[in-house]
Amino acid sequence: MFFLHPDCDTGFWGINCINKCNRCVDFSCNSKTGWCDSGCVGFSDAPYCTTACATGSWGVNCTNKCSNSCVELSCDSMTGFCDLGCMPSSNCTLLLEASESFSQQTVLAIAISIALAVTLAIVIGFIVLKVNVFLRQGLRKSQNLSLMAISVSDLIEVVLQVWHNFCLNPFVENLEAPVSFIQVQYLTAGMPNGAAIRITEWVTTFMALERCLSIAMPLKIKQLITFTRTACIIILIYILNVSTLTPFYLSAYFSWNFNPKLNITQLGIAFRGNKLEMQGLVFIFHVSLSVIPFLLVVIFTAILVVKLKQKSKWRKQVTHINDQNEATSTRERKTIVLTIAVAIVLIVCYTPVVVYSITTAITPDFAITGKQANVYHAAFSFAFVLHSFNSSINVVVYYKMSSRYRQTFQELYFARKSRKGGQQQKKPTFLSNHFLIPYSD
């Protein structure tokens, strides 16, 4: 997550201090305007640095002359490299290295973008698989509806995360695109992604609470947790977490900004005068709505684990259990185990971001523009990986822990055998119909 701070570290300026003072001497500029008070490199109109050096000059305020070895006395205004080539018997090594470096950056930007697109397709495929299973089973059951809601928030989170990664790609930043991706992500990826993550936390908390209530009030749980109430609670969870972004969007908006590094105008963002107050409020919402459900999930999961162990001991002591009670107890136990598994995966994957959020609240230096900015970036990169892992691994957890989910999954996507008239018959499935997978014994 990214938040504003009043002052930027040396070398950065502007919105959330994400712009670099690339055209200034010693990379030092005004943190609010981006003006190069100490002079420009490759530009003549200090402190604005918008007018490039005339042909034949380069360097600080265009005071250096291009080498006589350069063809037509033409060189790069910032580096002095001969951009049109060198005269015979002259050395062009530096120019070639600069061109190769730019080419490598472009290739890397394209390669990383393709890798992100492939990753997005794979993860979305996993999520669509489990969504299709829940739709096939029906959503009248409270747990299925909750798992479906988690799948939807996971899908949103993964899409936003991949877009977030693309926008923060340092190679993409150097592309002369009409959009400043590093700024646009602030409105379109970073904050919405946080809301999707919190939704997953809250729905998982509701699932764990429901299982705890089923243990405390086994005879009343079906009357207490109905389909309508579950749907209303899930809708409220979505509305609550999305509405917390309102102050943020009231303080920021899309705007066309000049990029002095690339000397072009790009679509970015700008802030109104209430940015510090509004984003401070958003930060409070984010921390509270992240920490509270996380702690509740830990508590409810611990209760479920203890109760599950107690039931196991009781089952060993009681020898006379009729078949109906046995089947009911087994179903309830499997439901609890699945809930525990989902909660444990969430606890493991979400612990870092909760710790980081609390650390930022306590230690302001641990922030995007603080003294520990590099550690902050590295830490949250690790947290983002865990979030994506949580979104995609649940399909495996469901398949392993739920026999009903596994059966429906196999019926949908694999050739499943059934007995009829003493012979084995094979049922057509989604994969066999659409991808012509041959049946085999």
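Restricting segment 195-219 to residues that are touching a Phe, Trp or Tyr at 6+ places or on another chain (Cβ under 8 Å) and not hydroxyl-bearing (Ser, Thr, Tyr), the residue that is modelled with the highest pLDDT is ILE199. For segment 282-297, the set of residues classified as more than 15 Å from ILE340 (Cα to Cα) and among the hydrophobic types (A, V, I, L, M, F, W, C) consists of VAL282, PHE283, ILE284, PHE285, VAL287, LEU289, VAL291, ILE292, listed by residue number.
Looking only at segment 249-267, decide whether some residue is under 24 Å from TYR48 (Cβ atoms), among the small types (Gly, Ala, Ser) and crowded, with 16+ Cβ neighbours inside 10 Å. Within segment 249-267, none of the residues are under 24 Å from TYR48 (Cβ atoms), among the small types (Gly, Ala, Ser) and crowded, with 16+ Cβ neighbours inside 10 Å.
Table: residues versus (1) part of a helix (DSSP H, G or I); (2) surrounded by fewer than 23 Cβ atoms within 10 Å (Cβ to Cβ).
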| position | (1), (2) |
| --- | --- |
| GLU201 | yes, no |
| ALA208 | yes, no |
| ARG211 | yes, no |
| ILE215 | yes, yes |
| LEU219 | no, yes |
| ILE233 | yes, yes |
| ILE239 | yes, yes |
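The set of residues in segment 219-248 being farther than 27 Å from GLN279 by Cβ and in contact (Cβ under 8 Å) with a residue 40 or more places away in the chain consists of ILE225, THR226, PHE227, THR230, ALA231, ILE234. Residue count for segment 12-36 satisfying the condition of being free of Cβ contacts under 8 Å to residues at least 40 places away in the same chain, surrounded by fewer than 20 Cβ atoms within 10 Å (Cβ to Cβ) and not in a loop (DSSP other than H, G, I, E, B): 3. Taken over segment 144-161, the criterion of being buried (at least 21 other Cβ atoms within 10 Å of the Cβ) and in contact (Cβ under 8 Å) with a residue 40 or more places away in the chain is satisfied by SER146, LEU147, ALA149, ILE150, SER151, SER153, ASP154, GLU157, VAL158, GLN161. Considering only residues that are over 29 Å from ASN68 (Cβ atoms) and modelled with pLDDT under 75, which ones fall in segment 21-57? Listed by number, the list holds a single entry, PHE27. Applying the condition of being surrounded by fewer than 22 Cβ atoms within 10 Å (Cβ to Cβ) and of a type in the set (Gly, Ala, Ser) to segment 386-403 and asking which residue is modelled with the highest pLDDT yields SER388.
The values are calculated or read from the model by the stated rules, or taken from the named source; none is laboratory data. It should be emphasised that the depicted structure is a prediction, and the values quoted were computed from it without experimental measurement. When we count neighbours, we look across all protein chains shown, and the Cβ atoms used for this are built from the backbone with ideal geometry, even at glycine.
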